[in-house]
1. What single numbered condition from (1) away from the ligand (no atom under 14 Å from the Cβ); (2) assigned to a loop (DSSP other than H, G, I, E, B); (3) without any contact (Cβ under 8 Å) to a residue 24 or more places away in the chain fails to hold for Leu105?
2. Out of the residues in the stretch 5-21 that are surrounded by fewer than 22 Cβ atoms within 10 Å (Cβ to Cβ) and either aliphatic (A, V, I, L, M) or under 12 Å from the mean Cα position of the chain (by Cα) (or both), state the one that is farthest from the ligand (Cβ to nearest atom).
3. When the stretch 160-169 is examined, which residues are found to be surrounded by 12 or more Cβ atoms within 10 Å (Cβ to Cβ), under 13 Å from Ser130 (Cα atoms) and either more than 14 Å from the ligand (Cβ to nearest atom) or modelled with pLDDT of 95 or more (or both)?
4. Are any residues in the stretch 26-53 more than 14 Å from the ligand (Cβ to nearest atom) and either closer than 19 Å to Ser72 by Cβ or in contact with a His (Cβ under 8 Å, 6 or more places away or on another chain) (or both), and if so, which ones?
5. Among the residues of the stretch 144-154, is any farther than 24 Å from Ala80 by Cα, in a helix (DSSP H, G or I) and away from the ligand (no atom under 13 Å from the Cβ)?
6. Collect the residues in the stretch 110-120 that are surrounded by fewer than 24 Cβ atoms within 10 Å (Cβ to Cβ) and within 14 Å of the ligand (Cβ to nearest atom), keeping them in residue-number order.
7. One residue is enough: does the stretch 84-92 have a residue meeting the conditions touching a residue at least 60 places away in the same chain (Cβ under 8 Å), in a helix (DSSP H, G or I) and out of contact with any helix residue (DSSP H, G or I) (no Cβ under 8 Å at 6 or more places or on another chain)?
8. Just need a number here: residues in the stretch 63-83 that are in contact with a helix residue (DSSP H, G or I) (Cβ under 8 Å, 6 or more places away or on another chain), surrounded by fewer than 17 Cβ atoms within 10 Å (Cβ to Cβ) and not acidic (Asp, Glu).
Amino acid sequence: MAKARLDGKVIVVGVTGGVAAFKAAHLVTGLRKLGAEVHVVMTAGATQFVAALTFRALSQHPVVVDMWDPHSPYDEAHVALGERASLYVIAPATAHTLAKLALGLADDAVSATALATRAPVVVAPAMADSMYEHPTTQDHLQSLRRRGVHITGPVVGWLASGKEAVGRMAEPEAIIDEICAILEAR
Ligand SMILES: Cc1cc2nc3c(=O)[nH]c(=O)nc-3n(C[C@H](O)[C@H](O)[C@H](O)COP(=O)(O)O)c2cc1C
């Protein structure tokens, strides 16, 4: 059988609290179909949109939400997963999480993993156009870009508000293409 594009790769997927969180389910499935081992970390906000159980079932691995969980299979999940990752992708990335990443805050599993990993990091922002265009968000994206973080999207399209505007998360297929391109170029 031909080798799948992501065979042998470990992809950690960070999911944050935006409406597009459901699309991360397609991302996880798409990555696994290409042969990747996928682990999911979520913010508490993300669990308001999609249950951790969905990602556990789709990834076939425990999902990390609470860094303080005494029953966690990891001693320090963010360090363990950060070190194992071939690539860390945060999709969707909220304005709030982008700000934390830009500042190096690490008070949840998603942001702490971003600091703990030395793998390439891809973020897929998704938010209302007003939040995306805010100078604060733009500054944070600039900082992340300067540090070599790959920013994919957002694209112009239908937003939850009903507007056609910028802020829609890049489609999972486009994010997967970018992940493959980054890993194949290494
Ligand atoms: C219904 C609803 C939808 C939201 N959608 C988004 C979104 O698409 N993008 C975003 O940046 N914030 C969105 N927010 C706000 C975030 O959930 C909020 O800033 C939260 O603190 C994000 O936390 P997290 O980054 O830790 O997940 C939404 C809030 C609500 C109540």
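1. It fails just one condition, (1).
2. Val10
3. Ala165, Val166, Gly167, Arg168
4. Glu37, Val38, His39, Ala51, Leu53
5. yes
6. Matches in the stretch 110-120: Ala112 only.
7. Yes, there is a match, as at least one residue in the stretch 84-92 is touching a residue at least 60 places away in the same chain (Cβ under 8 Å), in a helix (DSSP H, G or I) and out of contact with any helix residue (DSSP H, G or I) (no Cβ under 8 Å at 6 or more places or on another chain).
8. So the count comes out to 2.
The values are calculated or read from the model by the stated rules, or taken from the named source; none is laboratory data. Owing to the predicted nature of the structure, the values given are computational and were not obtained by experimental measurement. Cβ atoms come from the backbone with ideal geometry, glycine included; neighbour counts cover every protein chain shown.
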